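Chemist: Below you will find the structure I want to go over with you.
The values are calculated or read from the model by the stated rules, or taken from the named source; none is laboratory data. A quick note: this is a predicted structure, and the numbers were derived from the prediction, not measured. Here Cβ is always computed from backbone atoms with ideal geometry, including for glycine, and neighbour counts include all displayed protein chains. Keep in mind that these areas ignore ligands, DNA and RNA; they rest on the heavy atoms of the full protein, side chains included. Shrake-Rupley method; radii C 1.70, N 1.55, O 1.52, S 1.80 Å.
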Amino acid sequence: MRIGPSEAHKTDDAVMYQLRLAIRSQHKLSVQYCDLNGKTTVRTLWPLALGYFEQTMVLMTWCELRQGFRHFRTDRIVSLTSRHERYSGSRERLLLEWKKQQFDA
């Protein structure tokens, strides 16, 4: 039995390294993202955590465009750049807010 993303949904190791680094350093990311319909958008994200599902991994973020918490499949990230700019507040506080929103809904 395989645990973690399948090879079809695997994210490049360099992208995963950049995501983990941005999470630890609390740096904003500029991300080019391709959605389920093939539409590409550019977002400024505050990366908070990675979630692992049976078939894929998801980046949990605060999205500046939508002004809310959003989830992005890591295998659909086309490109990303660290903005070397820390987002406001602490990652821990934002994760608590995310958790409250997810489980109190």
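Chemist: Just a yes or no: is a residue in the stretch 22-35 under 21 Å from residue 12 (Cα atoms), free of Cβ contacts under 8 Å to residues at least 24 places away in the same chain and assigned to a strand (DSSP E or B)?
Modeler: Taking every residue of the stretch 22-35 in turn, none turns out to be under 21 Å from residue 12 (Cα atoms), free of Cβ contacts under 8 Å to residues at least 24 places away in the same chain and assigned to a strand (DSSP E or B).
Chemist: Modelled with pLDDT of 90 or more and of a type in the set (Asp, Glu): does that describe residue 97?
Modeler: Yes, satisfied.
Chemist: Considering every residue within the stretch 80-89, establish whether at least one is in a strand (DSSP E or B), open to solvent by less than 60 Å² (accessible area, probe 1.4 Å) and β-branched (Val, Ile, Thr).
Modeler: no
Chemist: With (1) modelled with pLDDT of 95 or more; (2) open to solvent by less than 50 Å² (accessible area, probe 1.4 Å); (3) closer than 22 Å to residue 94 by Cα; (4) not hydrophobic (A, V, I, L, M, F, W, C) as the list, and residue 41 as the residue in question, which single condition is left unmet?
Modeler: So the condition that residue 41 fails would be (3).
Chemist: Looking only at residues that are polar (S, T, N, Q) and under 10 Å from the mean Cα position of the chain (by Cα) in the stretch 52-105, which one is nearest to residue 29 (Cα to Cα)?
Modeler: 61
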